[in-house]
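Trainee: I have a structure here, written as structure tokens, and I will follow up with some questions on it.
What follows is calculated from the coordinates using simple rules that are stated; it is not laboratory data. Just so we're clear, the structure is a prediction, and the values are computed from it rather than from any experiment. For neighbour counting, all protein chains shown are included, and Cβ atoms are generated from backbone atoms with ideal geometry for every residue, glycine included.
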Amino acid sequence: MKVVKTVKEVRDYVNSWKKEGLTVGLVPTMGYLHEGHGSLITKAKEGNDRVVVSIFVNPMQFGPTEDLESYPRDLAKDSKYCEELGADLIFNPEPSEMYADGFCSYVNMDVLTEELCGLSRPVHFKGVCTVVNKLFNIVKPDRAYFGEKDAQQLAIIKRMVIDLNMDLEIIGCPIVREEDGLAKSSRNTYLSAEERKAALILSKSIMAGKKMAEDGERDATKIVAEMKKLIESEPLAKIDYVKIVDSLTMQQVAKIEKPILCAIAVYIGKTRLIDNFSFSL
Ligand code: PAF
């Protein structure tokens, strides 16, 4: 497995694979890989002849008060993990390789980006759409893999691919959880021992909300109210949002009548964590 830093090197590898008629899967990441990313790489291995993992902490998707500088990074550990899982190439560019002097072209999406995380992270999805679009143009994958933990991101990328006629398949992969239920996230590393315990309130409320929907509750406001009550019982937790939205449009619904996403964002101390469940009738 090779680690390359430039767009040209990626293109040289991918072009040689394509000449041989091989298919390419891309797993876009910001590094500090965990089993959630591992499941994407494994899935990409199963579905493609070659797998590229991009590791790039994308400055464009962080707001001015967010954790760009402190975001955890460990390329040596990530490389070892990718090698073990059988990835073929890591693309680990510097910001200057992705955003050359004079950069001023962006991918912007309305509607889906205006709810949930888009409200508290106004620049986030413009940065995500732009970088993911660039990665697709650089790697030209047949398939790209994203985690369902970032459910809004996944819906947005699927929409972008349809709207902009991109010629690849987007594959969503299930949330991977710790044994006690906490969804795996690179940001879990920020939690103190006490906060780590408190963070379980996210998955507990997700389980409680899911059970209500599965037991037949169709009033979204009742489910949200119960989930909020549960989260508020944890003194270290501060709710950013708990919402039930249409799975495709990310717009809030009052009644569950078609496939929905129930998404939450909760601060545990200073760390903002997300979780979700999907439900179809
Ligand atoms: O989900 C992430 O890690 C990032 O948002 C992504 C898709 C790699 C874009 O930077």
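Trainee: Can you work out which of the residues in the stretch 151-169 that are within 11 Å of the ligand (Cβ to nearest atom) and of a type in the set (Val, Ile, Thr) is farthest from Ser39 (Cα to Cα)?
Mentor: Ile156
Trainee: Here is a further query. Can you name every residue in the stretch 69-114 that is among the acidic types (Asp, Glu) and not in a loop (DSSP other than H, G, I, E, B)?
Mentor: The first filter runs over the stretch 69-114 and keeps only residues among the acidic types (Asp, Glu), leaving 69, 74, 78, 83-84, 88, 94, 97, 101, 110, 114.
Asp78, Glu83, Glu84, Glu97, Glu114, listed by residue number.
Trainee: Scan the stretch 205-241 for residues that are in a helix (DSSP H, G or I) and basic (Lys, Arg) and jot them down. Write out each step before concluding.
Mentor: We begin by selecting, within the stretch 205-241, every residue in a helix (DSSP H, G or I); these are 205-214, 220-232.
Within the stretch 205-241, Lys210, Lys211, Lys222, Lys228, Lys229 meet the criteria.
Trainee: State all residues of the stretch 27-68 that are part of a strand (DSSP E or B), touching a residue at least 40 places away in the same chain (Cβ under 8 Å) and more than 10 Å from the ligand (Cβ to nearest atom); if no residue qualifies, say none.
Mentor: Val52
Trainee: Could you look through the stretch 122-150, keep only residues that are assigned to a strand (DSSP E or B) and more than 8 Å from the ligand (Cβ to nearest atom), and pick out the one that is surrounded by the fewest Cβ atoms within 10 Å (Cβ to Cβ)? Steps first, answer last, please.
Mentor: Of the stretch 122-150, the ones assigned to a strand (DSSP E or B) are 143-147.
Now narrow it down to the ones that are more than 8 Å from the ligand (Cβ to nearest atom): 143-145.
Working: Arg143: 18, Ala144: 25, Tyr145: 26.
Per the criteria, the residue is Arg143.
Trainee: Spot the failing condition for Pro72; the list is (1) surrounded by 17 or more Cβ atoms within 10 Å (Cβ to Cβ); (2) within 13 Å of the ligand (Cβ to nearest atom); (3) over 18 Å from Val131 (Cβ atoms), and only one is missed.
Mentor: (1)
Trainee: Those residues that are out of contact with any strand residue (DSSP E or B) (no Cβ under 9 Å at 6 or more places or on another chain) and either hydroxyl-bearing (Ser, Thr, Tyr) or more than 20 Å from Asn133 (Cβ to Cβ) (or both), I need them from the stretch 84-107; list them, please. Don't jump to the end; show me each part of the working.
Mentor: At the first step, the residues of the stretch 84-107 found to be out of contact with any strand residue (DSSP E or B) (no Cβ under 9 Å at 6 or more places or on another chain) are 84, 94-107.
Listed by number, the residues that qualify are Glu84, Ser96, Tyr99, Ser105, Tyr106.
Trainee: I'd like the full set of residues that are farther than 20 Å from Lys134 by Cα and either charged (D, E, K, R) or assigned to a helix (DSSP H, G or I) (or both), limited to the stretch 1-15. I'd like the intermediate steps shown before the answer.
Mentor: Just the residues of the stretch 1-15 that are farther than 20 Å from Lys134 by Cα, to begin with: 1-2.
Hit for the stretch 1-15 is Lys2, nothing else.
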